[in-house]
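Below is one structure; the comments refer to it alone.
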Amino acid sequence: MNPPNPPSLPGSLPQRKNSGLAIASLILGIAGIALCFGPIAGIPAVICGHIAQSKIRESGGLLSGSGLATAGLVTGYISIAWIVVIGMLAAIAIPNFVKARTVAQTQACRANLRSIQAAKQSWAVDNKKKAIDSPSETELFGANRYMQDEPRCPAGGSYSLNSVGEEPTCSFHGAISTGQRTEH
């Protein structure tokens with residue numbers, strides 16, 4: 001048998017209790033920062049923090065946790081600010097990624113065009129052809145040919161072999177010497 005609780009003395013304060021909303025605010029705020037949830041956890045953290053502070057003030061000393069609520073507000077606002085930081089980073093990174101990919105595709109295409117031109121020149125020397133002669137794809141590409149595989153434009157263009165005296169071109173990137181894109 002448990003002994004009965006001692007009677008409370010007149011004038012003594014009841015036990016103070018931590019605000020559950022303040023604790024929830026802090027947990028949501030930390031989760032928003034640590035797990036990069038941004039506004040998903042940050043907005044509820046801010047709402048819970050403000051409501052907790054209001055209830056703590058109105059409780060007449062029965063609720064504690066004002067510091068927890070404040071910490072929840074701070075972490076909640078920081079996690080909301082993360083979305084701005086991530087947005088700014090994306091605004092910088094995405095265009096640079098697209099530009100780098102485009103440059104890489106252009107360089108790869110030009111390398112393919114140079115290889116095709118070299119294969120055409122070798123074909124012309126081996127077969128005693130003139131600058132006006134044009135090789136076919138089967139004469140340049142394949143097993144025991146001047147290039148093992150037929151090159152493909154990484155941007156999806158198609159190659160025109162042209163005559164030996166004329167540079168090959170890409171329907172997307174143009175010729176190797178000018179590097180200008182031809183219009184479709």
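Read-outs throughout are calculated quantities, based only on the coordinates presented, and are distinct from any laboratory measurement. Worth saying up front: this structure is predicted, and the values here are computed from it rather than measured. Cβ: placed from backbone, ideal geometry, glycine included. Neighbour counts: every protein chain shown.
Numbers below:
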| item | result |
| --- | --- |
| Leading residue at positive end of dipole, the chain (Cβ point charges), from 123, 148, 176 | 176 |
| Under 5 Å, built H, 5+ apart or other chain: amide partners of residue 175 | 170, 180 |
| Dipole moment magnitude, nearest 20 debye, the chain about Cα centre, only Lys, Arg, Asp, Glu C-beta charged | 540 debye |
| Tilt relative to the chain, helix 39-58 - C-alpha long axis, 0 to 90 degrees, to 10 | 10 degrees |
| With Cα atoms, 0 to 90° folded angle of helix 20-34 axis to the chain main axis | 20 degrees |
| Packing-based exposure ordering (other Cβ within 10 Å, fewest first) of 147, 88 | 88, 147 |
| Under DSSP loop assignment and at most 15 Cβ neighbours within 10 Å, longest GluC sites (Glu not before Pro)-free interval of the chain | 1-165 |
| Estimated dipole of the stretch 98-175 in Debye, rounded to 20 [Cβ of Lys and Arg +1, of Asp and Glu -1, Cα centre] | 280 debye |
| Peptides 106-113, 44-51 ordered by average Cβ neighbours within 10 Å, highest first | 44-51, 106-113 |
| Hydrodynamic radius (Kirkwood) for the chain, which is based on Cα pairs only, to one decimal in Å | 22.7 Å |
| Residue list for the stretch 49-74, given a label point 7 angstrom along the Cα-to-Cβ vector of residue 17 and an amide N cut-off under 12 Å | 62-64 |
| Cross-link reach list, lysines versus residue 129, counting only Cα pairs under 18 Å and skipping chain neighbours closer than eight places | 120 |
| Those lysines that a straight Cα-Cα span of less than 18 Å connects to residue 17, excepting residues fewer than 8 apart in one chain | 55 |
| Contact order normalised by residue count of the stretch 97-184, Cα under 8 Å, 6+ apart, percent | 29 percent |
| Percent RCO, i.e. relative contact order, over the stretch 28-184, from Cα pairs under 8 Å lying at least 6 residues apart | 17 percent |
| Projected label distance in nm at residue 81 and residue 94, using a 7 Å step from Cα toward the beta-carbon | 2.4 nm |
| Cα long-axis angle, helix 66-126 against the chain (0 to 90 degrees, to the nearest 10) | 10 degrees |
